[in-house]
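Contents: one structure, followed by commentary.
Every read-out reported here was derived from the displayed coordinates using simple, explicitly stated rules and does not represent laboratory data. As the structure is a computational prediction, the values presented were derived from the model and not from experiment. Cβ sites come from the backbone with ideal geometry, for glycine too, and all protein chains shown count toward neighbours.
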Amino acid sequence: MCLLSSITFIPLIGAILILLIPREKVNLHRLVAVLFSAISFLLSIQLFNTFNRETSTMQFVEKLSWIPVFGINYHLGIDGLSLPLIILTTLLSLLSIIGSLGVETRVKEYFFWFLTLETGMLGVFVSLDFFLFYIFWEVMLVPMYFLIGIWGGPKKEYAAIKFFLYTLFGSVFMLISILALYFRSEPHTFDILQLISQNGQFMGQFQYVAFLFLFIAFAIKVPIFPFHTWLPLAHVEAPTAVSVILAGVLLKLGTYGMMRILFPMFPVASLWFSIPLFILAFINIVYGALVAMAQTDMKKMVAYSSINHMGYALLGMAAFTVTGFNGAILQMVTHGIITGSLFLLVGVLYDRAHTRDIDSFGGLGARLPIYTGLVILASMASLGLPGLAGFISEFLCFLGSFSSNSQVLVFGTIPVSKFFTTLSVAGILVTAAFFLRMVQKVFLGPLNAKWDTLKDMNLRELVSVVPLTVLTILVGVWPHWLLSVMNTTVNQMVNFIHGVK
Amino acid sequence: MIASLQILLPEIFLSGVALFLFGMDTFISRRLKAWTIFISLAALFLALFVVIWSPWSGRVFGMVVSDVFSSFFKILAITSSILIFLLSEDDPELMGPHAGTYAGLIILSTVGIMFLSGTEDLLILFLGLELTTVPLFILAGFLRKEERSSESAIKFFLVGVFSTGLMIYGISFLYGLCGGTHFSDLQQWITTNRSENLTLFLIGIFFLLAGLGFKFSLVPFHQWTPDTYQGAPTPITAFFSISRDAGVLVIFLRLFGHFIPKSPLNLTGFFMVISVLTMTIGNLTALRQTNLKRLLAYSSIAHAGTIFIGVVAGNALGREGAMIYSIAYSMMSLGAFAVVIAVSRIKGNDELNAVQGLAQENLGLALLMLFFLMSLAGIPPFLGFLGKFYVFLAAVNEKMYGLVAIGLLNSVIAVYYYFRIVHKMFFMSPEETRPSPNRQFSVQTVAWFAASVLLIFGTFPEPILFWAKSASQILP
């Protein structure tokens with residue numbers, strides 16, 4: 001039973017099928033897209049049900065010899081780190097495909113690229129061979145380029161090529177490190193698990209250089225300041241469903257890569273890099289929040305809030321503690337859920353009003369009660385209101401980073417980790433400020449007469465958003481069902497990283 | 001001695017067919033002329049089978065060798081020229097009244113590459129190169145009504161003759177020093193008495209390199225390439241890029257990979273500079289092109305530079321990488337030119353604007369072109385990526401990190417101009433709707449064939465890697 005391969009490649013089969021269906025049969029294209037992403041999602045639920053939570057070894061492993069000349073294997077497997085992200089990917093893909101059933105232009109190509117994109121993303125999460133990982137990592141860019149460039153906003157073409165070249169530039173660094181690692185390891189291998197178990201051979205200067213190269217490749221994806229400039233443009237110009245995928249899944253590839261590859265492979269360099277990581281996380285959190293506050297475009301605001309939220313995940317990672325890592329993974333998932341629903345909701349309003357300017361609305365709460373409720377709930381989750389998903393993960397990230405005891409002191413008394421954690425809390429304040437301001441300006445106050453005729457959400461939109469809302473509450477009230485999946489893996493990972501020291 | 005001639009059977013047979021085809025041009029009857037294409041294709045297929053399953057291997061007169069390495073390039077050359085025939089099959093200007101000449105010249109040029117692939121002697125090297133290029137002089141100017149075509153032929157001719165002169169000059173130096181033209185004579189000289197007269201030897205090598213550099217269009221000897229590429233009939237342009245690759249690469253690999261180790265001559269640094277310059281200048285100039293053929297010409301210069309990394313690395317991995325890359329390159333450039341031919345027949349020109357909105361007019365063709373461009377840009381899962389990966393792997397093995405970094409950054413630059421074509425095809429709307437094109441069956445066949453080779457061997461490269469490995473083991 002090759003469950004992982006099925007989950008990964010079923011969307012691709014759907015994409016090829018779509019290519020074979022004539023262009024005019026628009027509804028058939030939509031049906032195939034929904035069907036194949038739904039199958040992939042259901043299979044990933046099956047994965048969740050049969051996953052063994054007690055062990056940290058790789059599960060559902062598939063290993064076939066692929067290019068024996070270089071010892072490259074088709075090696076798939078998942079653990080508690082990748083499983084939540086796989087389910088997040090299949091879920092968000094299904095929901096955004098449902099959300100984009102309203103796309104009318106070049107429907108065939110749209111769903112073809114969307115399904116190819118899904119395969120690429122899932123492939124990155126399941127592959128345990130660096131060569132395979134790199135292939136999926138690159139393949140994913142092309143569909144994204146088309147999805148932004150054809151169906152995006154006014155500056156779509158520039159946004160598409162900027163995104164494409166920026167990430168390709170990052171992959172250059174990754175490829176060099178992959179090749180260098182191959183010759184450093186003995187016997188030569190591309191297998192991620194073997195490379196990790198051989199990490200004793202990557203010592204001295206090599207370790208730091210390779211670490212930095214891979215870090216840049218992943219940091220561009222996250223994005224970590226100062227590599228973030230592609231993000232606002234791409235997010236704003238992309239069509240709604242693609243923004244959901246961008247924020248919900250693509251950004252996680254960067255943090256996933258760090259936890260899966262970077263930290264275990266170069267533990268010494270990682271611990272050495274802990275303090276810069278704290279500082280970068282702090283910048284991401286505060287800078288992202290402040291810039292988000294300055295936006296009047298709702299989508300741009302949500303986009304910058306992503307930079308802020310990924311900063312929390314980085315903060316959780318920077319500490320190298322079990323709590324922090326748990327928080328970081330949970331933050332990836334909850335950010336995917338919450339920001340995904342926020343992007344979908346902003347898209348709903350944009351479809352009706354054709355503007356996203358915060359100042360041009362007012363009093364929508366009376367006209368669109370369901371919509372208002374959903375937006376307020378998502379915003380509250382995003383700003384970290386207790387009882388909703390965002391609170392749990394942010395709390396864990398802060399707790400984890402605060403509990404780490406860094407040897408380096410600031411002002412002679414405060415450990416640097418505690419110092420930057422404390423400063424970062426300011427980010428929460430700013431986040432609350434801009435979300436509340438948005439809610440106030442758009443939904444409260446007197447109704448702007450211009451929007452008198454707006455209709456509330458239709459069934460298709462509800463189907464795509466409500467599951468995310470339900471999850472937001474579910475994770476917020478009872479996070480154990482998610483944390484229990486990752487805890488064993490995280491424990492082992494943290495022990496491993498500290499053990500090599 | 002004479003018995004060893006059977007090794008050359010495919011070459012002799014093809015030359016005979018070429019001469020016969022020249023004769024066919026004298027027939028008046030149109031019906032007989034229609035057979036040209038079938039005869040050439042049949043002959044090429046026959047030669048292909050003989051090369052693949054030939055039981056003979058060994059040396060002919062100690063000058064030409066037939067081994068797995070040479071048959072690798074022979075198969076590449078014959079397959080490519082079959083595809084070139086398919087590309088030009090329904091072009092009335094090429095396969096019109098002078099079909100026999102056209103076909104015969106292509107076959108002769110192919111025979112030239114076949115000789116080159118087995119060369120172990122400077123004389124055969126020289127003759128093979130001439131046999132490859134002289135037919136191309138005529139073929140480049142085959143569109144006699146078009147000024148550009150004649151310009152292309154003249155430029156190519158002048159440069160070709162000049163580089164031949166340089167090469168002969170270099171060879172005469174080497175002959176004078178080593179007392180022989182066989183590669184092993186050179187090898188012997190360099191191992192025994194390299195202390196004296198090394199400068200003279202180097203001058204000879206440099207002249208030889210300059211000549212080869214012209215043919216391989218390495219910077220700074222590349223200036224002829226864009227004009228010739230643009231002016232020549234498009235199938236011939238495609239043929240240029242392949243013959244250049246296969247023919248000259250094999251010399252570099254045989255001569256510098258086997259007989260003359262680079263280390264005593266300290267050529268590695270020099271080769272590295274050439275490779276970096278070729279990649280960078282090719283790519284930077286390609287950025288500004290608005291003609292599809294010209295753009296592909298400059299990109300082919302850049303690719304020559306990247307393939308050359310394999311030669312620079314100088315290890316077994318590098319040789320294999322260069323071989324894999326040359327298969328990949330010939331397939332992707334053939335495919336890309338096939339699409340350009342298909343498009344320019346519909347639109348009547350081969351400017352960048354011709355592909356505007358192609359995705360909405362003909363999604364299949366646009367996707368094929370996308371595959372070729374992705375492969376050219378080195379994006380997986382196509383064979384082009386594997387070729388790049390392979391040569392870079394070889395260079396990293398030699399700890400040439402700087403070279404790899406420059407090569408990889410160049411491939412990011414390349415993505416920009418390749419995706420300008422993609423941008424035109426997918427993001428723009430067609431300017432005006434044209435009447436639906438004729439089927440162009442044979443051109444489509446070539447494109448599909450190339451795309452499937454790229455995709456199949458890109459995802460399951462084992463057989464092709466194995467082949468390249470066994471071929472490159474012939475050389476130490």
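For the reader, a short list of remarks on this structure follows.
- Qualifying GluC sites (Glu not before Pro) for the stretch B:129-198 [loop in DSSP, other Cβ within 10 Å: at most 10]: B:196
- In the protein assembly as shown, a dipole from Cβ-located charges (positive for Lys and Arg, negative for Asp and Glu) runs towards its positive end, and of B:247, A:302, A:258 it is A:302 whose Cα lies farthest in that direction.
- When peptides B:273-285, B:459-471, A:243-255 are ranked by their average number of other Cβ atoms within 10 Å per residue, the highest-first order is A:243-255, B:273-285, B:459-471.
- The mean number of partner chain beta-carbon atoms within 10 angstrom of a residue's beta-carbon across peptide B:408-417 is 4.
- Full-extension gain in nm, residue A:370 to residue A:50, via 0.36 nm per residue minus C-alpha separation: 111.6 nm
- Measuring between alpha carbons in the structure, the pairs from A:221/B:388; B:145/B:293; A:162/B:74; A:108/A:299; A:221/B:215; A:155/A:221 lying more than 31 angstrom apart are A:162/B:74; A:221/B:215.
- Using 0.36 nm per residue and subtracting the Cα-Cα separation, the extra length available between residue B:460 and residue B:46 on full extension is 146.3 nm.
- Average partner coverage of B:376-382, which counts Cβ from other chains inside 10 Å: 4
- Label reach from residue A:28 (point 7 Å along Cα→C-beta): in the stretch A:90-129, amide nitrogens under 13 Å belong to A:108.
- Here is how the number arises for chain A: DSSP H runs of 4 or more residues each give -39500 (n - 2.57), the sum is divided by the residue count, and the result at 222 nm is -23500 deg cm²/dmol.
- Report note on the peptides A:296-308, A:38-50, A:197-209: ranked by the mean count of other C-beta atoms within 10 Å, highest first, their order is A:296-308, A:38-50, A:197-209.
- Extent along principal axes [Cα atoms of the stretch A:394-488; Å; largest to smallest]: 62, 35, 16
- Counting only other chain Cβ atoms within 10 Å of each residue's Cβ, the peptide A:132-140 averages 3.
- Orientation-averaged projection of the stretch A:273-489 equals 12.2 nm² [convex hull of Cα atoms, one quarter of hull surface area].
- Whole-number percent relative contact order across the stretch B:53-111, with pairs defined as alpha carbons under 8 Å at least 6 apart: 23
- Considering only the Cα atoms of the stretch B:267-476, their convex hull presents on average a projected area of 11.4 nm².
- Per DSSP, loop trypsin sites (Lys or Arg not before Pro) in the stretch B:280-327 with at most 16 further Cβ within 10 Å: B:288
- Distance between the stretch A:52-88 and the stretch B:96-126 - C-alpha centres, whole angstrom: 51
- Mean separation of Cα contacts under 8 Å (6+ apart) over length of chain A, as relative contact order %: 16
- For chain B, calculated [θ]222 nm from helices alone, where every DSSP H run of n ≥ 4 adds -39500 (n - 2.57): -24500 deg cm²/dmol
- Per-residue packing, averaged as other Cβ atoms within 10 Å, sorts the ranges B:241-252, A:451-462 into the order B:241-252, A:451-462, beginning with the highest.
- Mean Cα-pair separation over length for the stretch B:267-476, i.e. relative contact order, pairs under 8 Å, 6 or more apart, %: 29
- Estimated vicinal HN-Hα couplings, Hz - the stretch A:165-175 in sequence order (Karplus 6.51, -1.76, 1.60; Gly, Pro = x): 5, 4, 6, 4, 4, x, 5, 3, 5, 5, 5
- Here is the list for the stretch A:49-157: GluC sites (Glu not before Pro) lying in DSSP coil, each with at most 14 other C-beta atoms within 10 angstrom of its C-beta, are A:54, A:104.
- The stretch A:178-224-the stretch A:370-436 distance, computed between alpha-carbon centres (Å): 31
- Dividing the Cα radius of gyration of chain B by its Kirkwood radius returns 0.96 for Rg/Rh.
- Prolate/oblate/rounded call for the stretch A:232-344, Cα gyration tensor, a/c under 1.5 rounded: prolate
- Computed from label points 7 Å out along Cα-Cβ, the spacing between residue B:20 and residue B:35 is 0.9 nm.
- As a calculated quantity, the FRET efficiency between residue A:359 and residue A:449 at R0 = 22 Å, using C-beta atoms, amounts to about 0.90.
- Scattering profile of the stretch B:1-105 at q = 0.16 Å⁻¹ [log10 I(q)/I(0), Debye over alpha-carbon scatterers]: -0.73
- Relative frequency of Cα-Cα separations exceeding 14 Å in the stretch B:296-359, percent: 64
- Electrostatic dipole magnitude of chain B [Cβ: Lys, Arg +1; Asp, Glu -1; Cα centre; debye, to 20]: 340
- Chain A: Cα Rg divided by the 2.2 N^0.38 Å rule of thumb: 0.93
- Put simply, the Cα atoms of the stretch B:384-428 extend 45, 18, 7 Å along their principal axes, the longest span coming first.
- The stretch A:323-348 and the stretch B:216-258 have Cα centres spaced 53 Å apart.
- Projected label distance in nm at residue A:272 and residue B:12, using a 7 Å step from Cα toward the beta-carbon: 6.8
- Largest first and in whole Å, the equivalent-ellipsoid semi-axes of the protein assembly as shown read 56, 33, 23, each the square root of five times a Cα gyration tensor eigenvalue.
- Rounded, prolate or oblate (a/c below 1.5 giving rounded, otherwise prolate when a/b exceeds b/c) for the stretch A:9-100 by Cα gyration tensor: oblate
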